[in-house]
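Asks: Please read through the structure below; I'll follow up with questions.
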Amino acid sequence: MQQTLKTTKMKKKYLYLLAFVIIAVLGYNSVYFKKLSDVKNANKENFDFKAYADSIYYKGILKSKKTIALTNLISSVKTNQDEAFKKYGNRLGIGNSAYFMIKSTGKIIDIKDGVYTIADEKNGVVYIDTKYIFGNALRDASGLVKLTDFKTNAQFNKVSESLNDIVRNEVVPKEIKKVKIGDSISFSGAIKLSKKQILFTDLLIIPSQIKLQ
C-alpha cells in the first residue's frame with residue numbers, strides 16, 4: 001500500500017515537472033516568435049527604397065547593355081518572336097506580354113499634357129509620356145528586380161514607386177526643360193509588347209532618359 005502511494009506521488013511529481021517544462025517551452029517560443037516578428041518589421045521599416053531605386057536607375061538602367069534599339073527590337077520580334085521575347089523582354093509569370101527597355105532617336109512634333117509626340121527616324125510616330133510615370137514598366141523592363149528578393153508584394157511594388165519617383169520628379173523635369181517642338185532628341189525607356197501584336201505603330205514609351213541631340 002505504501003509502495004503504491006509512493007509510486008503515485010512520484011508519477012504526480014513527474015507530471016507536474018513535465019507540465020512545467022511544456023509551459024516554459026511554449027512561453028519561450030511565443031517570446032522568440034514575437035522578437036523575430038519585431039526584427040522583420042524593423043528591417044522592413046529601415047529598408048531604404050529610395051537608395052535602392054537610385055542604384056537600380058543610375059548603376060543599372062543607365063548602364064544596361066540589354067537596352068536595345070527600337071528598330072532592332074521590332075525587326076527581331078518580326079523575325080523570331082519567341083526568341084526576341086526571351087532575349088530582350090522581361091515579365092512576371094506566364095503571359096503574352098512583356099516589357100522591353102529600348103532606345104531610339106527622333107524629332108519632337110507635338111507636346112500635349114506631358115505626352116511628347118515623336119517622329120521616330122526609323123519607326124514612325126511614337127509617344128513619350130513624361131507626366132504619368134506610374135506602374136511597373138520601368139522596374140520590370142530593367143530585369144534587375146525579382147519578386148523573390150522581397151517578402152511581400154507591397155515591398156516589391158514600393159520599388160516601382162521609388163523608381164518612378166526618381167524618373168518623374170528628378171530626371172525627366174531637368175531634361176524636358178532643354179527641349180521643345182522641332183528639336184531632335186535621343187531617348188530610352190520601357191515599352192510593353194504583346195505576342196498577339198501585329199502592328200508596332202503609336203507605341204507608348206515610359207522614359208528613363210531624354211537628351212537633346
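The values are calculated or read from the model by the stated rules, or taken from the named source; none is laboratory data. On a predicted model such as this, the values are computed, not experimentally measured, just so you know. Neighbour counts run over all protein chains shown; Cβ positions are idealised from the backbone, glycine included.
Asks: Cβ-Cβ below 9 Å, separation at least six or inter-chain, first residue in the range 102-113 and within 15 Å of Val179 (Cα to Cα), second assigned to a strand (DSSP E or B) and charged (D, E, K, R): which pairs?
Replies: Thr105/Asp120; Gly106/Asp120; Lys107/Asp120
Asks: With (1) among the hydroxyl-bearing types (Ser, Thr, Tyr); (2) part of a helix (DSSP H, G or I); (3) closer than 23 Å to Lys59 by Cα as the list, and Thr71 as the residue in question, which single condition is left unmet?
Replies: (3)
Asks: Could you please let me know if Phe85 is closer than 23 Å to Tyr57 by Cβ and surrounded by 13 or more Cβ atoms within 10 Å (Cβ to Cβ)?
Replies: no
Asks: Scan Lys86, Lys174, Lys178, Lys158 and give me the residue that is touching a Phe, Trp or Tyr at 6+ places or on another chain (Cβ under 7 Å) and of a type in the set (Lys, Arg).
Replies: Sole residue among the options that is touching a Phe, Trp or Tyr at 6+ places or on another chain (Cβ under 7 Å) and of a type in the set (Lys, Arg): Lys158.
Asks: Looking at the range 91-101, which of its residues are touching a residue at least 24 places away in the same chain (Cβ under 8 Å) and either crowded, with 20+ Cβ neighbours inside 10 Å or not in a strand (DSSP E or B) (or both)?
Replies: Arg91, Leu92, Asn96, Ala98, Tyr99, Phe100, Met101
Asks: Here's something else I'd like to know. Give me a count of the residues in the range 132-156 that are among the charged types (D, E, K, R) and without any contact (Cβ under 8 Å) to a residue 24 or more places away in the chain.
Replies: 2
Asks: Which ones in the range 138-164 are more than 11 Å from Phe49 (Cα to Cα) and either of a type in the set (Ser, Thr, Tyr) or surrounded by fewer than 18 Cβ atoms within 10 Å (Cβ to Cβ) (or both)?
Replies: The answer is Ser142, Lys146, Leu147, Thr148, Asp149, Phe150, Lys151, Thr152, Asn153, Ala154.
Asks: Of the numbered conditions (1) at pLDDT below 90; (2) surrounded by 11 or more Cβ atoms within 10 Å (Cβ to Cβ); (3) among the charged types (D, E, K, R), Lys78 fails exactly one; give the number of that condition.
Replies: (1)
Asks: Kindly indicate whether any position in the range 118-125 is part of a strand (DSSP E or B) and free of Cβ contacts under 8 Å to residues at least 12 places away in the same chain.
Replies: Looking through the range 118-125, none of the residues is part of a strand (DSSP E or B) and free of Cβ contacts under 8 Å to residues at least 12 places away in the same chain.
Asks: OK, next. Looking at (1) within 14 Å of Asn90 (Cβ to Cβ); (2) acidic (Asp, Glu); (3) at pLDDT below 95, which is the one condition that is false for Glu121?
Replies: So Glu121 meets the others, but not (1).
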